[in-house]
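S.K.: Could you have a look at this structure, given as structure tokens, before my questions?
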Amino acid sequence: MGKRVFDSVAIVLVVTAMAVAAVGCATPPQKIAATYVSPMQFQNLECDQVIAEMERVNRRCGELYMSLKKTADTDKKQMGVGMILFWPALFALEGGDGPEATEYARLKGEREALEKAGIQKKCDTSLFPPRIEKSLEEKKKKKPSKPSKAPAENKNDSEIS
């Protein structure tokens, strides 16, 4: 009976640690939803100003995206190690979504509002800079894969007769 109680306690502790870890982990930036921003605040801008503001928003989104991705990746690794080696360490996960995630969601909302304002003004949408997620995906696709190393030639081939 004592072994059953121990097994039950162990299961409860593992499930609790997993729940804490899931709550404590940072959300990857691609899963952060945009906060609603009204396009009305951009109605007085000219098309070139809308595009310039989109570029500013994209620059900051790119900075935040990389920082948030790094945090989420680190949390993911810590959770993997914690689950395998030492699950009580999961209680110490720092992650979670902080002010950077909030700013990122707001900026994504601003980007959407700027697009709507630009479309309402009949701006040329081909001049709109690509969304940060799209441009990062394109960079990832264009990134050349590491060339495989050819097997080393035997330097002694000429010596063998």
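The values are calculated or read from the model by the stated rules, or taken from the named source; none is laboratory data. This is a predicted model, so every value here is computed, not measured. Cβ sites come from the backbone with ideal geometry, for glycine too, and all protein chains shown count toward neighbours.
S.K.: Looking only at segment 31-54, count every residue that is closer than 15 Å to Ile132 by Cβ, surrounded by 13 or more Cβ atoms within 10 Å (Cβ to Cβ) and not β-branched (Val, Ile, Thr) and tell me the total.
M.R.: Summing the residues that are closer than 15 Å to Ile132 by Cβ, surrounded by 13 or more Cβ atoms within 10 Å (Cβ to Cβ) and not β-branched (Val, Ile, Thr) in segment 31-54 gives 3.
S.K.: Taking the options Ala26, Ala34, name whichever one is modelled with pLDDT under 85, outside any helix (DSSP H, G or I) and small (Gly, Ala, Ser).
M.R.: Residue meeting the stated conditions: Ala26.
S.K.: Any idea which residue in segment 81-105 is modelled with the lowest pLDDT, counting only those that are surrounded by fewer than 17 Cβ atoms within 10 Å (Cβ to Cβ) and within 18 Å of the chain's Cα centre (by Cα)? If you could, list the steps in order and put the result at the bottom.
M.R.: Initial filter on segment 81-105 (surrounded by fewer than 17 Cβ atoms within 10 Å (Cβ to Cβ)): 81, 83-86, 88-89, 91-92, 94, 96-99, 102-103.
Applying the additional criterion that residues be within 18 Å of the chain's Cα centre (by Cα) yields 94, 96-99, 102-103.
Values: Glu94: 55, Gly96: 62, Asp97: 69, Gly98: 83, Pro99: 88, Thr102: 92, Glu103: 94.
Top of the filtered list is Glu94.
S.K.: A follow-up question, please. Taking only pairs six or more apart or across chains, which ones have beta-carbon atoms under 7 Å, a first residue in segment 59-73 that is acidic (Asp, Glu), and a second residue that is surrounded by fewer than 21 Cβ atoms within 10 Å (Cβ to Cβ) and assigned to a helix (DSSP H, G or I)?
M.R.: Cβ pairs passing all conditions: none.
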